[in-house]
1. Go through region A:40-58 and give me each residue that's surrounded by 19 or more Cβ atoms within 10 Å (Cβ to Cβ), more than 21 Å from A:Gly101 (Cβ to Cβ) and within 14 Å of chain B (Cβ to nearest Cβ).
2. A:Lys187 versus (1) touching a strand residue (DSSP E or B) at 6+ places or on another chain (Cβ under 9 Å); (2) away from chain B (no Cβ under 14 Å); (3) basic (Lys, Arg): which is the lone unmet condition?
3. Restricting attention to helices (runs of 4 or more DSSP H) lying wholly within region B:76-152, give those where 2 or more residues are at pLDDT 95 or above.
4. Anything in region B:60-86 that is in contact (Cβ under 8 Å) with a residue 24 or more places away in the chain, touching a helix residue (DSSP H, G or I) at 6+ places or on another chain (Cβ under 9 Å) and at the interface with chain A (Cβ under 10 Å from one of its Cβ atoms)? List them, or say none.
5. Inside region A:227-254, can you point out the residues that are at the interface with chain B (Cβ under 10 Å from one of its Cβ atoms) and among the polar types (S, T, N, Q)?
6. Is it the case that A:Ser49 is closer than 25 Å to A:Pro178 by Cβ and either touching a strand residue (DSSP E or B) at 6+ places or on another chain (Cβ under 9 Å) or part of a loop (DSSP other than H, G, I, E, B) (or both)?
7. B:Lys192 passes all but one of (1) within 14 Å of the chain's Cα centre (by Cα); (2) more than 23 Å from B:Ala120 (Cα to Cα); which number fails?
Amino acid sequence: MSDVVRIKKVVEEAYDTKTFFFDWNAEARPGQFIMVWIPGVDEIPMSISSITDSTKSITVKAIGDATRAIHELKEGDRISIRGPFGNGFDLDSGKMLIIGGGVGTAAIMPAVAATGADTIIAARSDRDVILEEKARKFASNVWIATDDGSKGFHGNAVQLMREKVAENDYDCILACGPEVMLYFTYKACEELDLDCQLSLERYMKCGAGVCGCCVMDDSRVCRDGPVFNRSQISMLTEFGNSKRDECGRIVKFR
Amino acid sequence: MATLETDIGGVHLELPGMVASGIMDETGHSMVRMFECGAGAVVSKSVGSVPKGGHANPCFMEVAGGYVNAMGLPNPGIDLFKEEMDVAVPHGKVIGSIYGASPEEFSHLAGKMEDYGATAIELNLSCPHAKGYGMEVGTDPKMVGSIVSAVKGSVSIPVWAKLTPNTHILPEIGRAVQDAGGDAVVAINTLKAMVISPEFARPIMSNKFCGLSGSAVKPVGVRAVYDLRSVLDIPIIGVGGISTWRDAAEYIMAGASAFQVGSAIGTDGVDVFKRINDGLLAFMEEYGYDSITSMVGAAHE
């Protein structure tokens, strides 16, 4: 089933990133995603970036044909969506530190809003930092890390996470971002013996756990994930190493 | 004590339900997981000669009573598929599903699948949304006969033909499989379908056409198996909308010696096999069927 919804507000988050708000009655949990159809272009998975009663949003960085086409949409335009899909985060996980890297920050925002937990937003540079104001509305501690030091901590998300973990008594790290960031987040959690829940990404077609094209080892990112905890991730040999393309061929990261 | 064991010609299965082609069977580890979930065998994704990305998204959506899909036969190609078979075959019986455009191509692919350790070959003669393949070759009894006979001549493992319901000459096609030496028929593949978005005034699938699966197609599948049982002597494998033991029992009583489950892995979850197996066994014990064989075709007079 798909639902056609009307965009009721568009917010510019950065030079290349916009948030699209729409009314949609579906029950969605933090960490879930939807499939967004752009007629004549593509259908792509997008994390839900806010859940306020019936108002939901997606936050889109213009990086490919489909995301650029979404950026053309204006208030009043309609989009066709399926979902919500995936398991979402388990927010009953003690004292949490939530980390968003780049546009992955969109996927962790509903968890920040629901818990007010300490939050790290990491980006390449000052101009790539998104959703900071939103995070500050809900979380008393929001720390920024930029690779080039143009804002906040000079360094990457994992380096800042290590500092904050040393200063605070966290039980669990929640994160979404580029796989390299998540890989080193996982490695750090192993080393520090901290639990984690990481939201992963793979090429998707059905979104519903049927076609199997997004599997990592034997787990479907769309249905068994996209959020996996530390013990689940320890079983994913493909995590940080390889992904599969649209034909199902293995593509090594390095 | 009733048993769920069954035989499809020369293929013996400890459990009668297989994973249908196209669902959780593109990678070795997915197939292993499905064995662990109680599948008696796994039919692989349909594999062709060269890597194929399939149709662009959207190629899938939920509809009343099931799903539509127009995946377009995505697969890594027969050469790379060896790696997936190497992972899966030590854990259970893998039926190698293949698609091609000619008897020669089918024969080549079947030979590779046999080399990789497939228990049997399933010929995809029925995909409704791939140009030049599937039902485009599978609705011509002559073509079906020559494909089956070519593949039979090139492998020593059993050869099954998966048939399409999108034809009025299904019994004739079934007979063509049997006459060419085919070991079993598998029925049905998806029903050719279309979904249109009124708001955008266009078909939703990028390929326009798609195939309907799930509980909505079950009565069509049961009828197809019943029809085939009436004209064939070779075993039939029933597939189409099975998600409960009752569905499986319907197919068996229509004439199927075993069955496959596809969409229900999505709608009901990967543990659907265990529920079907448990329910079927309980039914058989209550109603005095000591084996699957004793139930096959029970609905025929």
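The values are calculated or read from the model by the stated rules, or taken from the named source; none is laboratory data. Keep in mind it's a predicted model, so treat the numbers as computed, not measured. A quick note on method: Cβ atoms are made from the backbone with ideal geometry, for glycine too, and the neighbour counts reach across all protein chains shown.
1. A:Glu43 - this is the single residue of region A:40-58 that is surrounded by 19 or more Cβ atoms within 10 Å (Cβ to Cβ), more than 21 Å from A:Gly101 (Cβ to Cβ) and within 14 Å of chain B (Cβ to nearest Cβ).
2. Among (1) touching a strand residue (DSSP E or B) at 6+ places or on another chain (Cβ under 9 Å); (2) away from chain B (no Cβ under 14 Å); (3) basic (Lys, Arg), the lone unmet condition for A:Lys187 is (1).
3. Where helices (runs of 4 or more DSSP H) fall fully within region B:76-152 and carry at least 2 residues being at pLDDT 95 or above, they are B:78-88, B:103-115.
4. B:Val63, B:Ala64, B:Tyr67, B:Asn75, B:Pro76, B:Phe81, B:Glu83, B:Glu84, listed by residue number.
5. Selection gives A:Thr237 alone.
6. Yes, satisfied.
7. Against the list (1) within 14 Å of the chain's Cα centre (by Cα); (2) more than 23 Å from B:Ala120 (Cα to Cα), B:Lys192 comes up short only on (1).
This table checks each residue for (1) away from chain B (no Cβ under 14 Å); (2) hydrophobic (A, V, I, L, M, F, W, C).
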{"position": "A:Tyr15", "(1), (2)": "yes, no"}
{"position": "A:Val60", "(1), (2)": "yes, yes"}
{"position": "A:Asp65", "(1), (2)": "no, no"}
{"position": "A:Arg68", "(1), (2)": "yes, no"}
